[in-house]
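A.B. asks: A single structure is presented below for examination.
The values are calculated or read from the model by the stated rules, or taken from the named source; none is laboratory data. Here the structure is a predicted model, which means the values were calculated and not measured. Glycine also receives a Cβ, built like all others from the backbone with ideal geometry; neighbour counts cover every protein chain displayed. Side chains included, ligands, DNA and RNA excluded: accessible areas come from the protein's heavy atoms. Shrake-Rupley method; radii C 1.70, N 1.55, O 1.52, S 1.80 Å.
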Amino acid sequence: LRGAKKAAAVRITDRQASALKSQPDTPQGRRDALLMCLLLDHGLRVGEVAGLKVSDLDLKAGVMTLYRPKVDLLQTHKLTADTLRAAHAYFDVRHVPEEPDAPLLCGSWKGGSLRDTGMSERAITQRVKVLGEAAGLEGLSGHDCRHYWATYWAGRVNPFQLKQAGGWTSMATVDRYVEASQ
């Protein structure tokens, strides 16, 4: 069923998260490293990642501006060190079009070379699953990465900060992650 939720999130350890963010030094590998950093370090939804444009990352300032369509919210996030490193590496191999509205993450061909077109939500979902399997995580989804991020931060920041950072409208959602972190 499309949209059906799993009974439980796939649990990701810190070691596995690190492995997911450490991809081969190829154009596709650099793209995948940035993809996993956006999911694991920033808790973005798959649709939010798919919607990112080249101009949404400001590497000099170390920030990302993103639109959260689910809650109609525009936010700015400070990039983590891993995300900033992955973004610099990715932009070293990615042909950046002149249009700032070009998709941030390029799709790839079966051989691993990057396309000029962006990654769809379906392509991101499939790629996360493949990368998860390579890291020993069966059935990994983008939402599992968001769960990892939220659970990690739930015990480290004020719940209202987590609510704002995660783009949630309800504290009930945040409460679930706080409980899971304990």
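A.B. asks: Near D92, within a Cβ-to-Cβ distance under 13 Å, what is the net charge of the other residues, with Lys and Arg +1 and Asp and Glu -1?
C.D. replies: Here the charged neighbours net out to +3.
A.B. asks: Something else now. Work out how much length D72 to S113 would gain on full extension: take 0.36 nm times their residue separation and subtract the Cα-Cα distance, in nm to one decimal.
C.D. replies: Stretched out fully, the D72 to S113 stretch lengthens by 11.4 nm.
A.B. asks: To the nearest 500 deg cm²/dmol, what mean residue ellipticity at 222 nm is calculated for the chain from DSSP H runs of n ≥ 4 alone, each contributing -39,500 (n - 2.57), summed and divided by the residues?
C.D. replies: Computed mean residue ellipticity for the chain: -14000 deg cm²/dmol.
A.B. asks: Another question, if that's okay. Would you mind checking K21/K110; K110/K163; K6/K60; K53/K129; K6/K70; K60/K110 for any pair whose Cα atoms are more than 28 angstrom apart?
C.D. replies: As for pairs spanning more than 28 Å Cα to Cα, those are K110/K163; K6/K60; K60/K110.
A.B. asks: Moving on to the next point. Quick one: plug the Kirkwood hydrodynamic radius of the chain (C-alpha pairs) into Stokes-Einstein at 20 °C, 1.002 mPa s, and report D in µm²/s.
C.D. replies: It comes out at roughly 129 µm²/s.
A.B. asks: Give me the accessible area per residue for the chain, probe 1.4 Å, as a whole number in Å².
C.D. replies: For the chain, the per-residue accessible area is 56 Å².
A.B. asks: Report the charge-dipole magnitude of the chain in Debye, nearest 20, computed about the Cα centre from +1 at each Lys and Arg Cβ and -1 at each Asp and Glu Cβ.
C.D. replies: 420
A.B. asks: Now for a separate question. How high is the FRET efficiency from F160 to V130, r the C-beta distance, R0 30 Å, rounded to 0.05?
C.D. replies: 0.25
A.B. asks: Here's another thing I want to ask about it. For the range 68-146, take N as its residue count and report Rg(C-alpha) divided by 2.2 N^0.38 Å.
C.D. replies: So the range 68-146 has a normalised radius of gyration of 1.24.
A.B. asks: Given a cut-off of under 8 Å on Cα pairs at least six residues apart, what relative contact order in percent is computed for the range 59-134?
C.D. replies: 17
A.B. asks: Taking Cα atoms, how many degrees apart are the long axis of helix 171-181 and the longest axis of the chain, rounded to 10 and kept between 0 and 90?
C.D. replies: Value to nearest ten degrees: 90.
A.B. asks: Taking amide H atoms as placed 1.01 Å from N in the peptide plane, list the residues 5 or more away in sequence, or in a different chain, whose amide H sits under 5 Å from that of L79.
C.D. replies: HN-HN under 5 Å from L79: V63, M64.
A.B. asks: What whole-number distance in Å separates the alpha-carbon centres of the range 143-174 and the range 60-86?
C.D. replies: 15
A.B. asks: Run the accessible area of the range 27-182 with a 1.4 Å probe and give the carbon-and-sulfur part as a rounded percent.
C.D. replies: With neighbouring chains kept in place, the figure for the range 27-182 is 52 percent.
A.B. asks: Turning to a different aspect of this structure: Let me understand the range 1-87 better: what is its radius of gyration from the alpha carbons, and its Dmax, in angstrom?
C.D. replies: Calculated on Cα positions, Rg and Dmax stand at 13.9, 43 Å.
A.B. asks: So which residue, out of D72, D41, D56, gets the largest mean-square fluctuation from a GNM of the chain using Cα contacts under 10 Å as springs?
C.D. replies: It is D72.
A.B. asks: Taking the simple approach of a point 7 Å from Cα along Cα-to-Cβ for both K60 and S170, what is their distance in nm?
C.D. replies: 4.3
A.B. asks: Here's something else I'd like to know. When only alpha-carbon atoms count, how far does the range 107-167 stretch along each of its three principal axes, as whole angstroms with the largest first?
C.D. replies: The principal-axis extents, from largest down, are 44, 28, 15 Å.
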